[in-house]
Amino acid sequence: MSVALDLPQVSVEQIEIHAEDLDPARAAKIYAEYGALVVRGLMKPYVAKLREEIEACAQESIALLGEAKKITEGWTTPNGTLFLPAPAHFKRQQQIMVLGFNYYTSATFFRSAFDPKTVDLARAVLGENVELFINGQCLYKEPVGGHPKHLHQDAAYFEHRYEGPLAMLGYVVDTNLENGALHVVPGSHKLGVLKHVDTFSHLGLEHEEWPWERALPVCGKAGDAIFFHVKTIHGSKENHSTSARPVFIHRYRAADDYVVVSATTTDNRAEAEKKRDAVKKENQRGLMVCGTRRYDAGRMA
Ligand SMILES: O=C(O)CCC(=O)C(=O)O
């Protein structure tokens, strides 16, 4: 049985606003309804420098491949980049998936997480007290085939106790149907956490039930930002262009929220689910982007 029959048919124009006239309350309303929001030009002030730094990190990672370690999800180089198996025609056996590029390696990246308009929007969605979740992420699709990320909900990887994080994905280059536009399924954040299976790009939804045709592609310019809910179904196809397609992600959550199930495969998810009820906030504290952290013994101890 399909769980998505009642999802709204939405065009990109219905979920899109522009950074110059960003009204946080209106933006939060679109986000609440569709679990997805496009803000044109939001990350423009940072994108040229980020592109340069991301490319340097990609080259560094490729140079370090000889020292990569095999892990469940693929291979990691000493600078923290995750590689996947490459397609048969590729010049290497491994291709980049997630770069070791984050708030610990780039001041520009860290600064962009505190962008005033972005933080105002995060506050309008999540409330007065907001922290960063994860240290920034950068997904990198190499040219001529770079990996697809199958449709999925981030909640399959990091299910939260309360509302869960708001993600902001920024385009580093102009991004379109050829090089791997992000696809979102508006309204799918209301479906709960769906069953995921193991795929080439880790946890993903069954392709038969969630083919790409059910998702809305969001093409955009470098500097455009796409916000999505932790339960919004999303993903992106291969990069068939001749240059790299990186994106960067900031994630924000209410300061008292926390992960209750953390997983990358169906096996480790099944194990983590058994401990869901016992998990507490404890050491899961992120850096505050607005407001303060108040101690609440019931929620935080
Ligand atoms: O467009 C991409 O690179 C995929 C991003 C994504 O799906 C994710 O980080 O969960």
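The values are calculated or read from the model by the stated rules, or taken from the named source; none is laboratory data. From a predicted model like this one, the values you see are computed outputs, not experimental measurements. Virtual Cβ from ideal backbone geometry, glycine too; neighbours counted across all protein chains shown.
Among the conditions (1) free of Cβ contacts under 8 Å to residues at least 40 places away in the same chain; (2) in contact with a Phe, Trp or Tyr (Cβ under 9 Å, 6 or more places away or on another chain), M43 misses just one, which is (1).
The stretch 148-222 holds strands (runs of 3 or more DSSP E) entirely within its bounds, and those carrying 2 or more residues that are within 13 Å of the ligand (Cβ to nearest atom) and buried (at least 16 other Cβ atoms within 10 Å of the Cβ) map to 149-152, 166-171, 182-184, 202-204, 216-218. Any residue that is in contact with a strand residue (DSSP E or B) (Cβ under 8 Å, 6 or more places away or on another chain), over 30 Å from N79 (Cα atoms) and surrounded by fewer than 14 Cβ atoms within 10 Å (Cβ to Cβ) - is there at least one of those in the stretch 29-49? No, the stretch 29-49 has no match at all. Against the conditions (1) modelled with pLDDT under 95; (2) surrounded by 22 or more Cβ atoms within 10 Å (Cβ to Cβ), A88 satisfies every one except (2).
Matching residues to (1) in a strand (DSSP E or B); (2) at pLDDT below 95; (3) in contact with a Cys (Cβ under 9 Å, 6 or more places away or on another chain):
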| residue | (1), (2), (3) |
| --- | --- |
| G235 | yes, no, no |
| S241 | no, no, no |
| F248 | yes, no, yes |
| R251 | yes, no, no |
| V261 | yes, no, no |
| E271 | no, no, no |
| K280 | no, yes, no |
| N283 | no, yes, no |
| Y295 | no, yes, no |
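Contact map, the stretch 113-139: first residue under 18 Å from V47 (Cβ atoms) and hydroxyl-bearing (S, T, Y), second residue within 16 Å of the ligand (Cβ to nearest atom) and not in a loop (DSSP other than H, G, I, E, B), Cβ cut-off under 7 Å, separation 6 or more or different chains; pairs are T118/M168. Scanning the stretch 125-140 for residues being surrounded by 18 or more Cβ atoms within 10 Å (Cβ to Cβ) and of a type in the set (G, A, S) gives a total of 1. Filtering the stretch 128-147 down to residues that are away from the ligand (no atom under 11 Å from the Cβ) and part of a strand (DSSP E or B), which residue is nearest to V98 (Cα to Cα)? Here the residue is L132. For the stretch 268-290, the condition of being over 30 Å from A56 (Cβ atoms) and within 16 Å of the ligand (Cβ to nearest atom) holds for at least one residue.
Just to verify a result, which residue in the stretch 62-81, among those that are free of Cβ contacts under 8 Å to residues at least 12 places away in the same chain and small (G, A, S), is nearest to L139 (Cα to Cα)? Ranking the qualifying residues of the stretch 62-81, first place goes to A63.
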